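Here, each number is a calculation from the coordinates, and none is a lab measurement. Quick caveat, the model's predicted, so the values are computed rather than measured. A quick note on method: Cβ atoms are made from the backbone with ideal geometry, for glycine too, and the neighbour counts reach across all protein chains shown.
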C-alpha cells in the first residue's frame, strides 16, 4: 500500500512537471515573423547584417556586451566584421540606423523569447526624438523620399 | 534496537561516500548539457592598441568669456553641451541635472576668495564642470567601478554599471555629479535633443565625460567647439600641446588644489587677448564651431 502510494505520487509529479514540455511538443508556438522592411534595409543590395544571420541570432547579446565594454571602457570604437567591413560599435548609430523599427524587430522577438533587456531606458533616443511632432513630420518626409526612390 | 540491527539498516560510511560520488557524477553529467555556449568568434578580439597615456584637460579663459558676453555667452556653451548630451532640464534646484554650470568667484574658488578681491575677478562668471582629476576621489569610492579613470585622463562613467549609491557624489569636492532622481526622459527637451546620443535612466549618476566619444573620433569636446577659442582642450603631459602653450603664457588657477585631487581644468586670466576680443577683433579660435553638432555625432 505504502509502495503504490509512492509510485502514484512519482507518476503524478512527473506528469505535472513534464506538462509544459508536452504542451509545447503537441502545439509549438507559431514561428515568429520579424519585420525587416525598414527603408535602410530595403536600400541594401544584399540583405545581410554585419555578421551571418546565425551568428547575429545566437550571439548578438554577447557582441553588444563586448562592444559596450570596448567603447565605454577602452575607447575602441571600430568593429571589423569577418568580411573586413568596418562598423562603428554603436547600438544607436549602427544597429538602429538599419533596424529603425526596434518595436517590430527587437521587442517583438524579446517578448516572444520572454527576455526583458532594458536597452531602451537609455538608448534609442531617435524614437524619443520622433515623439516631437515636427520631427515626426521630418521623419515621414524622409520615409517618403526613400520609398519614392525605390519605385 | 541492537547495535547489529542498527548497522544493517542504516547507511555505512563506505556506502554513503559511494552514493555521494554517484550523485555528484550524475549531477555533473546533467549539468554538462546546460553549459553556456561561449561565443567563439575571432572577431570579438580587436586589433585596437588601447588608449594612449595622457592627461587631457581644459583651459578656460574667463577674461575672454567675459569679453564675449559673460554669463549670456556661457549659457550658449552650456546649452550646446546639454543639448548634445540630452541632459534633462529640471527647474527644481534639488533635482536639477548639470554637466556644466556657472558659479561666482566666491563659490568656485571658496578657498582663495576674499572680500577684497578686485572687482573684475569677482564679477566674472566661471563655468564649472568635472575637473577630470589626476587622483579622482569619485573613482576611489565607487563600489562597482562604474566611474574610472581612462589612460588618457578622462574620468569616465559606465552608466550600465551604476547602482545609484551616490558615494561618488559625496566624494567629489566640486559637486560635479548629478543624480537622476526620476526618469530623465520626460525632461529632455524634444525640440533640441540629439537623436544620436543616449539618455540616462532613473537611479544613475551622471556628469561631464569630456566628450570622450568625440575625442575617440578625433574631435574635441562640444564646449570647446562652442566657445570660439575661449576654452582650450589638450594633453597636459605633452609640453608642445596647445593647452600647454596657452597655460605658459597667462596666469591661471585651479579649483580646490589643496585637496590634492589634481584638478585638470584651468581658469586663465588674460586681459590682453580679452581686450582684443572686446574691441571687435575676432582672433578666431583654434577650434571654430564645427557646423551642426547633431551631424557631428555620426
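With a ≥ b ≥ c taken as the square roots of the eigenvalues of the C-alpha gyration tensor of region B:168-276, please select rounded if a/c is under 1.5 and otherwise prolate if a/b is larger than b/c or oblate if it is not?
On the way: a/c = 2.16, a/b = 1.54, b/c = 1.40.
Verdict is prolate for region B:168-276.
How far, in degrees from 0 to 90, does helix A:133-150 lean away from the longest principal axis of the Cα atoms of chain A, to the nearest 10?
Tilt relative to chain A: about 90 degrees.
Measure nothing but the geometry: give the 0 to 90° angle between the long axis through the Cα atoms of A:2-26 and the longest principal axis through the Cα atoms of chain A, rounded to 10°.
Result, in degrees: 20.
Starting from the Cα-Cα distance between residue A:45 and residue A:18, subtract it from 0.36 nm times their residue separation and give me the gain in nm to one decimal. Display every interim value, and only then the final one.
Values: separation 27, 0.36 × 27 = 9.72 nm, distance 4.69 nm.
That pair, residue A:45 and residue A:18, stretches by 5.0 nm at full extension.
Return a whole-number percent for the relative contact order of region B:211-252, with Cα pairs under 8 Å and 6 or more residues apart as the contact set.
About 21 percent, as a whole number.
Taking chain A as a Gaussian network, where each spring joins two C-alpha atoms under 10 Å apart, which residue of A:11, A:115, A:71 fluctuates the most?
Looking only at A:11, A:115, A:71, the largest GNM fluctuation is found for A:11.
Angle between the Cα long axis of helix A:53-74 and the longest principal axis of chain A, 0 to 90 degrees, nearest 10?
Tilt of helix A:53-74: around 60 degrees.
If you count, for every residue in A:64-74, the Cβ atoms of partner chains within 10 Å of its Cβ, what is the mean?
Details: counts 0, 3, 6, 1, 3, 2, 3, 4, 12, 7, 7.
Whole-number average of other-chain Cβ neighbours for A:64-74 is 4.
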